[in-house]
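Enquirer: Right, I'll just put the structure down here and ask away after.
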Amino acid sequence: MNRFAQAAVARNPAAVQLLGLCPLLAVSNTVANALGLAIASTVVLTGSAVLVSAIRKLVPEDVRLPCFVLVIATFTTLVNLAMEAYAFDLYQRIALFVQIIVTNCMILARIEQVASKEGLGRTLLDALGTSAGFAAAILVLGAAREALTLGFPLAALPPGAFLVAGLLLAGVNVLGARRRRAREGATAARLPRA
Amino acid sequence: MRALLRNVAALAALTLLAGAALAWFADLTEDDVARNRLEAETRILRDLIGAETFAGDHKGRPYGEDLVFCERDVVVLRVAGSGYGGGFRLAVALDLDGTITGVRVLDHVETPGFGDILNAPSAWLDSFTTGDAHAVTGATITSQAVIEAVSRAVDRVRLEEMCPP
């Protein structure tokens with residue numbers, strides 16, 4: 001599996017690592033809001049990761065975390081300004097959650113684990129994969145909640161976010177366990193009989 | 001000592017770069033942001049006092065920062081307050097008897113969910129027009145700050161001075 005798929009599926013930030021859950025739960029009430037936050041997170045994560053990777057040899061070990069947070073905060077503020085200038089309706093709905101992208105541990109984790117150690121190519125693939133994984137999770141949750149709202153109004157409210165996200169995570173775990181069992185079964189079948 | 005200098009130099013250089021990038025982009029987007037905010041405020045004011053009354057420009061007699069609009073049978077005051085999450089600005093519409101005919105929130109940063117009572121259409125904001133607005137459970141600080149700001153607006157109305165016939 002290449003780095004992109006690994007970051008997006010096997011290490012999916014939301015479904016497997018359970019990172020970035022605050023925006024995931026708060027902004028997934030409609031598909032449009034979810035898409036807005038997914039794009040904002042992608043720009044912040046990819047921009048910060050590429051920049052950190054480019055300057056990684058200039059950043060002293062002792063002050064690397066303040067430097068990373070400064071880079072993430074700068075990209076977050078740029079995205080926030082861009083939304084306020086060019087997508088004002090969306091900005092009014094999700095601005096608060098765009099601002100707190102800066103505290104999203106999913107982003108700091110990718111920068112500390114990958115961008116601060118690896119070259120531009122690998123960093124870019126990892127950042128795009130992680131972003132795609134997060135986008136997929138928040139869009140699925142957004143679509144599920146928006147569809148369920150028709151017969152089940154609670155789905156659009158905060159408790160609905162926990163219920164729907166919990167059921168989706170349970171589904172992901174069941175699928176993961178089934179695949180693991182299938183793989184183990186296949187390996188066992190290939191073993192020669194003693 | 002050398003390590004310390006290196007750390008300080010790296011942080012200072014990165015901070016300068018970040019500041020420069022933000023200043024450049026803030027300058028670039030300034031006009032669009034200002035236009036968006038004015039348009040949003042205009043939409044809220046049209047909703048408050050009717051599209052045919054409010055043309056879009058803030059005509060009327062300026063009366064400090066307070067007066068937005070004063071014509072025919074309506075005066076709109078702008079008043080600021082401080083809620084749970086930070087500052088907010090209200091537009092309060094009064095008729096010439098000094099009766100509140102509508103309250104709208106121009107901008108606020110209250111917690112989503114708890115602050116939803118401030119987003120029109122809101123039965124709670126409409127309750128000001130019946131003179132029967134109460135604090136809201138779960139949003140005590142927000143709702144009390146709005147009630148306080150509205151009563152400040154009402155106290156400050158000087159209709160004869162603001163809207164001479």
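Enquirer: Residue separation times 0.36 nm, minus the C-alpha to C-alpha distance between B:GLU30 and B:HIS134: what's the value?
Expert: On the way: separation 104, 0.36 × 104 = 37.44 nm, distance 3.86 nm.
Additional length available on full extension: 33.6 nm.
Enquirer: Counting other C-beta atoms within 10 Å, which of A:MET106, B:MET1 has the fewest, and how do the rest follow? Don't skip to the answer; put the middle values down first.
Expert: Numbers: A:MET106 23, B:MET1 5.
Fewest-to-most Cβ neighbours within 10 Å comes out as B:MET1, A:MET106.
Enquirer: Can you tell me how much longer the chain between A:LEU163 and A:ALA136 gets when fully stretched, taken as 0.36 nm per residue apart minus their C-alpha distance, in nm with one decimal?
Expert: The A:LEU163-A:ALA136 span can extend by a further 7.9 nm.
Enquirer: What nm value, rounded to one decimal, do you get for the distance between B:ILE44 and B:ASP107 when each label is placed 7 Å out toward the C-beta?
Expert: My value for the distance between the label points is 0.9 nm.
Enquirer: Would you calculate a helix-derived [θ] at 222 nm for chain A, using -39,500 (n - 2.57) for each DSSP H run of n ≥ 4 and dividing by the full residue count, to the nearest 500? Let's see the in-between values first.
Expert: Numbers: 7 runs with 134 residues, N = 194.
Value at 222 nm, helices only, nearest 500: -23500 deg cm²/dmol.
Enquirer: Gain in length, A:ALA109 to A:LYS57, computed as 0.36 nm per residue apart minus the alpha-carbon separation, to one decimal in nm? Walk me through the numbers on the way to the answer.
Expert: Details: separation 52, 0.36 × 52 = 18.72 nm, distance 1.84 nm.
Full extension from A:ALA109 to A:LYS57 adds 16.9 nm.
Enquirer: Let me know the Rg and Dmax you get for the stretch B:1-43 when you use only its Cα atoms, in Å.
Expert: Spelled out, the Cα radius of gyration and Dmax of the stretch B:1-43 are 18.2, 59 Å.
Enquirer: Measure off 7 Å from each Cα along the Cα-to-Cβ vector at A:LEU65 and B:MET1, then give the distance between these two points in nanometres to one decimal.
Expert: About 2.9 nm separates the two model spin labels.
Enquirer: What is the diffusion coefficient of the protein assembly as shown in µm²/s, taking the Kirkwood radius over Cα pairs and the Stokes-Einstein relation at 20 °C with a viscosity of 1.002 mPa s? Intermediate results must be reported in sequence, preceding the final value.
Expert: Details: Rh = 23.8 Å.
Using the Kirkwood radius from Cα pairs, D works out to 90 µm²/s.
Enquirer: Something else now. Say we join alpha carbon atoms closer than 10 Å with springs in a Gaussian network model of chain A; which of A:THR123, A:THR103, A:THR42 then has the biggest fluctuation?
Expert: Answer for the Gaussian network model of chain A: A:THR103.
Bear in mind that the values in this text are calculations on the coordinates, not laboratory data. Since the structure is predicted, the reported quantities are computational estimates derived from the model, not experimental observations. Heads up, the Cβs are rebuilt from the backbone with ideal geometry, glycines too, and the neighbour counts pull from every protein chain shown.
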